[in-house]
Every structure is written in structure tokens, then in C-alpha cells.
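So the structure is just underneath, and the comments pick up after that.
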Amino acid sequence: MGSKALSEYFGALQRLKQGEPERIKKGSLINKDNVAREAGRARGSIRNRPGFESLLEAIENAQKQSSRRRSSLTEKERIESLNKKIQSLKNENNRVKARYMSLLYLNFEMAKKLRNAGIDVPQLGPVMDLKIEDEVKF
């Protein structure tokens with residue numbers, strides 16, 4: 001195989017490892033077909049034949065590194081996303097509790113006015129114990 005083609009394949013592999021492909025979708029997996037496509041060659045043009053040994057080894061190493069990095073990044077991203085979701089739900093929960101307390105107060109005030117006017121006030125349901133977290137920013 002010519003050194004020009006081999007250098008194109010290695011250049012394509014390098015772009016894929018850096019996450020900056022020119023010809024294929026960003027974030028594509030690193031494999032023989034994608035390296036070939038990124039190099040502007042046909043899919044399947046990288047095969048187990050003489051002259052490709054170093055390229056095949058480099059692709060295999062890049063696949064291993066990419067899968068390790070991808071799994072750790074996705075795990076970190078997943079944890080970060082879940083933590084944001086938890087915080088968002090805590091904030092929403094505290095807003096709902098504050099709204100509940102406000103409505104409870106309005107009901108209490110209205111019942112007081114009805115009693116003062118001599119009107120029979122229906123029994124309100126039991127009040128729940130509420131704990132509102134201090135760290136929430138409104």
C-alpha cells in the first residue's frame with residue numbers, strides 16, 4: 001500500500017480521536033470503516049493484509065481508549081444530569097410546599113372571617129408536617 005494512502009488513514013484516525021472529523025458525523029465510533037470513510041476511501045478498504053498492520057493496531061488501541069473514555073464520560077455526564085434533576089425536583093418541591101402553606105393561610109383567614117360573620121365553617125382537613133429547605137433560592 002502506498003504511503004500517501006497510509007498517511008491519509010492515520011490523519012483520519014487522528015481527527016476521529018480528537019473528535020474533529022471532516023467527512024463523517026462527529027462522535028462516531030472509531031472503527032476500520034469510519035477511519036476509511038473519514039480518509040475519503042470506501043468502507044471496507046482497510047483490511048487485514050500486508051501494509052496495514054500498524055494502522056490496524058493504531059485503530060484497535062484508539063477503540064480501546066475511546067470506549068474507556070466514552071464510558072467514563074457518559075457515567076460522569078449521567079451523574080451530573082441526575083444531580084441537576086434532583087436539585088430541580090427539590091426546588092420544585094419546596095415551591096409547591098410554599099404554595100400549599102400560602103393557600104392554607106388563606107383558608108385559615110377566610111374561615112376566621114366566616115366565623116366572625118356568624119357563618120358555620122366547614123371542618124378543614126388535617127395539616128401535614130412540612131419542612132422547607134433553607135438552601136433554595138427563589
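Using the per-residue mean of other Cβ atoms lying within 10 Å as a proxy for protection, in what order, highest first, do the peptides 26-36, 83-93, 115-125 fall?
26-36, 83-93, 115-125
Cut-off under 22 Å on the C-alpha distance; same-chain residues fewer than 8 positions from K26 excluded. Which lysines are left, in chain and number order?
K17, K64, K76
Distances longer than 26 Å among the Cα atoms of region 3-116: what percent of all pairs is that?
In whole percent, the share of Cα-Cα pairs in region 3-116 beyond 26 Å is 50.
Treating the Cα atoms of region 70-121 as identical point scatterers in vacuum, please give the log10 of the normalised Debye intensity I(q)/I(0) at q = 0.17, 0.26 Å⁻¹, two decimals.
Relative scattering, expressed as log10 I(q)/I(0), comes to -0.67, -0.89.
Tell me, what HN-Hα J-couplings in whole Hz come from the Karplus equation 6.51 cos²θ - 1.76 cosθ + 1.60 at θ = phi - 60° for each residue of region 10-20, using x for Gly and Pro?
Taking θ as phi minus 60°, the curve returns 5, x, 5, 4, 4, 4, 5, 5, 7, x, 10 Hz for region 10-20.
Every read-out reported here was derived from the displayed coordinates using simple, explicitly stated rules and does not represent laboratory data. Being a predicted model, the structure only gives us computed values, none of them experimental. Cβ sites come from the backbone with ideal geometry, for glycine too, and all protein chains shown count toward neighbours.
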